[in-house]
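Following: one structure in structure tokens, then a few remarks.
The numbers here are math on the coordinates, done by the rules we state, and not lab data. The model shown is predicted, which means the values in this text are computed figures rather than measured ones. Here the Cβ positions follow ideal geometry from the backbone for every residue, glycine too, while neighbour counts run over all protein chains shown.
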Amino acid sequence: MSRWREPRRAATVLIMVMLALACLYLLLGLGFHIGWKRARGACRAEMAARGEFVEPEVFSEPLALAFDLTWWPVYAWANYYHDGTIFATPCTH
């Protein structure tokens with residue numbers, strides 16, 4: 001019998017592939033979170049240096065990280081669509 005016809009073996013391979021894809025998705029989300037946070041920090045410093053109002057952080061760090069890890073493709077697409085850059089900030093408008 002072929003190894004792909006064995007249901008247990010096929011299920012194990014499928015689960016391992018799905019876990020690898022989930023880990024890749026989360027790693028890309030972490031990279032997006034770090035890059036966007038760095039861009040926002042630079043923008044906040046620039047706005048504060050010009051004497052402009054700097055909005056406070058809305059979400060606590062763990063909640064912001066959770067949102068960025070799960071919804072990063074939506075954020076990246078929306079930022080690119082509206083501002084032409086993935087890490088859009090008020091300074092890129």
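Full extension of the chain segment joining residue 85 with residue 42 gains 14.0 nm, where the gain is 0.36 nm per residue of separation less the Cα-Cα distance. Rounded to the nearest 20, the size of the Cβ-charge dipole of region 28-82 about its Cα centre is 140 debye, with Lys and Arg at +1 and Asp and Glu at -1.
Annotation: average projected area of region 7-92 is 6.9 square nanometres, based on the convex hull of Cα atoms across all directions. Of the GluC sites (Glu not before Pro) found in region 35-93, the ones in coil according to DSSP and having at most 15 other Cβ atoms within 10 Å of their Cβ are 52, 57.
Here's the picture: charge each Lys and Arg Cβ at +1 and each Asp and Glu Cβ at -1 in the chain, and of 53, 18, 79 the one pushed furthest to the positive end of that dipole is 18. Charging the Cβ of each Asp and Glu at -1 and of each Lys and Arg at +1, and nothing else, the dipole of the chain about its Cα centre rounds to 640 debye.
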